[in-house]
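I am attaching a structure below and will ask some questions about it afterwards.
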Amino acid sequence: MNVTRPYRMTQRREMVEETRERILQAGYAAWLDRPYDQVTLDAVAESAGVSRQTVIRHFGSKDDLALAIVAWQRPIEEEARAADPGDTVTAVHRLVDRYETMGDANVRLLELEGRVAPVDRLLTEARSSHRGWIERTFSPWLTSARGARREELILALYAATDVTVWKLLRRDLGCTRPRTESIIRQLVEGALGALTTNKETS
């Protein structure tokens, strides 16, 4: 039996995966740095140290690459933002951490909404992911709410933790990172406190 063939096949698969990983990392870095519509496959290929054709062979179009990057980043992102249910301090701290890394890129995507179809798909997925984070993180409060009240609380928490709030505070109003985190935490605690108040008065 030729024992070198399985080894070579394994080695080839590893090389393919390594190339794919480099392309994903290069594409992710490019979109953190520049608007979506200014990123080209040529630039991604050059950064990854491969040819444009290699990028196309692995991912197809730029839009397909963007969707692959989102799928690749989702578990990383969810782990980075994860906090024990009910731990609002850690949850907001980790959320602001992520916005400090990728908030500007997210805001640039919002500017293309309605004009670039793949961006609309990316934003739909991002919003679904953020809602899932809210439902997990604030589940101790959400489990005691029902129907319209529960949905209203989710939307209030979404508004309090949306990237546009981070952008308003950090970029538009020039708040420091600690102050931004403190204000977002106050907004979150205000939404949760309103639920308690409503329950007591109902």
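Taken together, the values in this text are just the output of simple stated rules run on the coordinates, not laboratory data. As the structure is a computational prediction, the values presented were derived from the model and not from experiment. Reconstructed Cβ throughout: ideal geometry from the backbone, glycine too, with neighbour counts over all protein chains shown.
Label GLN11 and ARG177 with points 7 Å out from Cα along Cα→Cβ: what is the distance between them in nm?
Calculated label separation equals 4.4 nm.
Relative contact order for the range 79-202: what percent, with Cα pairs under 8 Å and sequence separation of 6 or more? Walk me through the intermediate numbers first.
Values: 94 pairs, mean separation 38.5, N = 124.
Value for the range 79-202: 31 percent.
About the Cα centre of the chain, how large is the charge dipole given +1 on each Lys and Arg Cβ and -1 on each Asp and Glu Cβ? Please answer in debye to the nearest 20. Could the numbers behind the result be given before it?
Numbers: 30 positive and 30 negative charges, 72 e Å.
For this selection, approximately 340 debye.
While we're looking at this one, here's another question. Lys/Arg Cβ at +1, Asp/Glu Cβ at -1, dipole of the chain taken about the Cα centre: which of VAL55, LEU95, ALA71 is farthest positive-ward?
Value computed over the given set: VAL55.
Can you compute the modelled spin-label distance between THR124 and MET102, with each label point 7 Å from Cα toward Cβ, in nm?
Result: 1.9 nm between the two label points.
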